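Presented below is the structure to which this report refers.
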Amino acid sequence: MNKSNVLKLLKNIGYSHSSIEKIEDFSDFLIKFNKRYNLISRNTVNNIWSRHILDSAQLVEILNQNNKLKIADFGSGAGFPGLIIAFFDGKYKFHVKLFEKSPVKRLFLERIRKEFSLINVEVHGDIYSYNKISTDIIVCRAFKKLQEILKISREIVQKPHKIIILKGKNAQSEINKVSLATNYSYKLKDSITDNKSKIIIMDAK
């Protein structure tokens, strides 16, 4: 899927003209820095609009856009999906915390936060260095296996919260391998970037 098609889909999702302009600038910024710091796989740079940006942006449709939400992005990397969600929100209803272990990637995220004056974004370190996290929604993309995400949810994150995970074609089989407590329920949603990939939407009460 080329950039032009992705831009149309971003508009359909609800991204404003100014938000899309910021994402375009962010994309240029990331590609430039990626040549030196390898923030995303170089094999995916030519497909950044579909592989990374649209893949992240589709999560906005799952969020309740009428409420003020605290969102925690575990393993944010170069800002996917957390930054793309933050760019959507011109009224700053979404307060996005980006958790990233790599110091290099944290420096990049902090620079983007300042460069684009993202007052609704915080950059944090390794998720395992925190004893307690208060958030309404956990988002993950290429972070950990589901079992480990659930462990963090149970032990660190205050209830209730929702977990939204971008997964590949093995999402259901990964769910089948874990023991879900009675206070966890889930559903699967098809990804718009890959008809074999799924989004796990889970409620933790």
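The values are calculated or read from the model by the stated rules, or taken from the named source; none is laboratory data. Please read all numbers here as calculations on a predicted model, not as lab measurements. As a convention, Cβ positions derive from the backbone with ideal geometry for all residues, glycine included, and neighbour counts pool all protein chains shown. The accessibility values were calculated without ligands, DNA or RNA, using every heavy atom of the protein model including side chains. Shrake-Rupley method; radii C 1.70, N 1.55, O 1.52, S 1.80 Å.
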Revision key, fill the gap. Requiring at least 1 residues that are of a type in the set (Phe, Trp, Tyr), the helices (runs of 4 or more DSSP H) wholly within region 1-96 are 17-37, 82-88
Revision key, fill the gap. Taking region 113-134 and keeping only residues that are among the small types (Gly, Ala, Ser) and part of a loop (DSSP other than H, G, I, E, B), one is left with SER117, GLY125, SER134
Review point. So SER185 clears everything in (1) of a type outside the set (Val, Ile, Thr); (2) free of Cβ contacts under 8 Å to residues at least 60 places away in the same chain; (3) closer than 20 Å to ILE127 by Cα except one condition, right? Which one?
Key: (3)
Check your understanding: Can you tell me which residues in region 175-205 are among the small types (Gly, Ala, Ser), surrounded by fewer than 16 Cβ atoms within 10 Å (Cβ to Cβ) and not in a loop (DSSP other than H, G, I, E, B)?
Key -> SER185
Review point. When region 124-150 is examined, which residues are found to be open to solvent by 40 Å² or more (accessible area, probe 1.4 Å) and of a type in the set (A, V, I, L, M)?
Key: ALA142
**Study point:** Among the candidates ALA57, ALA86, ALA78, residue that is open to solvent by less than 10 Å² (accessible area, probe 1.4 Å), out of contact with any helix residue (DSSP H, G or I) (no Cβ under 8 Å at 6 or more places or on another chain) and of a type outside the set (D, E, K, R)
**Key:** ALA86
Revision key, fill the gap. Only one of SER153, SER41, SER102, SER117 is within 19 Å of GLY168 (Cβ to Cβ) and either out of contact with any helix residue (DSSP H, G or I) (no Cβ under 7 Å at 6 or more places or on another chain) or surrounded by 15 or more Cβ atoms within 10 Å (Cβ to Cβ) (or both), namely SER41
